[in-house]
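What follows is calculated from the coordinates using simple rules that are stated; it is not laboratory data. Computed from a predicted model, the values in this text were never measured in an experiment. Counting neighbours? That spans all protein chains shown, and the Cβs are built from the backbone with ideal geometry, glycine included.
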Number of protein chains: 2
Amino acid sequence: MKIIGKHLTVDMYGCGFDTLDNLEFVKSAMLTAVREANMTLLDFSYYKFEPQGLTALALLAESHMSIHTYPELGYAAVDVFTCGDHSRPDKAVAVLKSFLRPEKTKITNIRRGDFGSESDMKPKVKVSMTPLRRVRNTGARVLSFLSRAK
Amino acid sequence: MKIIGKHLTVDMYGCGFDTLDNLEFVKSAMLTAVREANMTLLDFSYYKFEPQGLTALALLAESHMSIHTYPELGYAAVDVFTCGDHSRPDKAVAVLKSFLRPEKTKITNIRRGDFGSESDMKPKVKVSMTPLRRVRNTGARVLSFLSRAK
């Protein structure tokens, strides 16, 4: 055994307000992700905040999955923490992305519990963007460059 | 606003078997940490695994706190995720350490949700060790050096 758990912290930007504020929708996204990623649900707790936002925590045989949403910012903070090799945390993230449809996603991969010879335990970060977001970002950079050039 | 949440992932090594396998004890450690760190508990779910190990998830007004224990390895994986400025995630970690008494702790500090001008959003890692563990580690290194020198 080398490491105990795989922990993906996922920041999703540019989701829809209504998507992130809909408890039933987010619950069904979580439960679908749990099922598709071959995880076993043991308990599920959630809370709807007022005026907006929600939290859902899935207690899994393989560890846990959590989501906190900020509809006013289009932002969701997702965690997928799994131990063992039979579940697919990456698949869970893909399912959640297909439900929440973020424009930009930042995934930090943290290996938890070092009991072996991993030479590099540093977290790894990966950012992905929809083409629309990329075009807008590039446009903003061009405008900013032109305004500086004046 | 610059970042949404502070997320500490904490790996604790060298805890006692009985400590990590005692659900009531770990629950009271979590609840004390929540209280001392000025957090608000909204829901609490937990599960005792057989033959050993447990998971506890605290749903907070400020986000969440979680623990997964592996008594057979003396290992606990703790997460403290908070948003807002009024709670003290570092205090929560200190309380949990005082209960679980790990020999070695690795804390990774992840800033979640970048909505501003943070220049460096890379996770920060901090490792701390009890003097006893440090002496043992140094001893092991000296022995390994001497055995190579033969």
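How far apart, in nanometres, would the label points at A:Met121 and B:Leu143 be if each is projected 7 angstrom from Cα along the Cα-to-Cβ direction? It is 2.0 nm.
Could you please report the charge total around A:Asn137, scoring K, R as +1 and D, E as -1 over all other residues with beta-carbon less than 11 angstrom from its beta-carbon? Neighbour charge sum, excluding A:Asn137 itself: +4.
Between A:Asp85, A:Asp11, A:Asp21, which gets the highest mean-square fluctuation from a Gaussian network model of chain A, Cα cutoff 10 Å? Between A:Asp85, A:Asp11, A:Asp21, it is A:Asp85 that shows the largest mean-square fluctuation. Computed about its Cα centre, the charge dipole of the stretch B:12-62 is approximately 60 debye, with only Lys, Arg, Asp and Glu carrying charge at their Cβ.
In chain B, a dipole from Cβ-located charges (positive for Lys and Arg, negative for Asp and Glu) runs towards its positive end, and of B:Ala92, B:His7, B:Ser128 it is B:Ser128 whose Cα lies farthest in that direction. The label-point distance for A:Ser128 and B:Ser128, in a model that sets each label 7 Å from Cα toward Cβ, rounds to 3.8 nm.
The stretch A:47-132 gives an Rg/Rh value of 1.01, both radii derived from C-alpha positions and Rh following Kirkwood.
Its convex hull of Cα atoms gives the protein assembly as shown a direction-averaged projected area, equal to a quarter of the hull surface, of 19.2 nm².
In the protein assembly as shown, the calculated helix contribution to ellipticity at 222 nm averages -10500 deg cm²/dmol per residue, counting -39,500 (n - 2.57) for every DSSP H run with n ≥ 4. Other residues with beta-carbon under 12 Å from the beta-carbon of B:Pro102 carry, at +1 per Lys or Arg and -1 per Asp or Glu, a net charge of +3. Pick from B:Lys122, B:Lys91, B:Lys48 the residue whose mean-square fluctuation is largest in a GNM of chain B, springs joining Cα atoms under 10 Å. Evaluated over chain B, the most mobile residue of the options is B:Lys122. Here the spin labels are modelled as points 7 Å beyond Cα on the Cα-Cβ line, and at B:Glu72 and B:Lys48 they lie 1.8 nm apart. Values of log10 I(q)/I(0) for chain B across q = 0.13, 0.15, 0.17 Å⁻¹ run -0.64, -0.80, -0.96, by the Debye formula with one identical scatterer at each alpha carbon and no solvent. Residue-wise HN-Hα couplings along the stretch B:65-78, as the Karplus relation 6.51 cos²θ - 1.76 cosθ + 1.60 with θ = phi - 60° gives them from phi, are 9, 9, 9, 10, 10, 10, x, 5, 10, x, 10, 10, 9, 10 Hz; Gly and Pro carry x. Taking the Cα centre of the stretch B:40-150 as origin and assigning +1 to Lys and Arg Cβ atoms and -1 to Asp and Glu Cβ atoms, the resulting dipole is close to 960 debye. Pairs exceeding a 26 Å alpha-carbon distance, out of B:Lys2/B:Lys27; A:Lys91/B:Lys126; A:Lys2/B:Lys6; A:Lys48/A:Lys122; A:Lys48/B:Lys2; A:Lys2/B:Lys124: B:Lys2/B:Lys27; A:Lys91/B:Lys126; A:Lys2/B:Lys6; A:Lys48/A:Lys122.
Largest mean-square fluctuation among B:Ala56, B:Ala37, B:Ala140, in a Gaussian network model of chain B whose springs join Cα atoms under 10 Å apart, belongs to B:Ala140.
Around the amide H of A:Glu103, modelled in the peptide plane, lie the amide H atoms of A:Tyr13, A:Gly14, A:Cys15, all under 5 Å away and 5 or more residues distant in sequence or on another chain. How large is the Kirkwood hydrodynamic radius of the stretch B:1-89, counting all unique pairs of alpha carbons, in Å? By the Kirkwood definition, the hydrodynamic radius is 13.4 Å.
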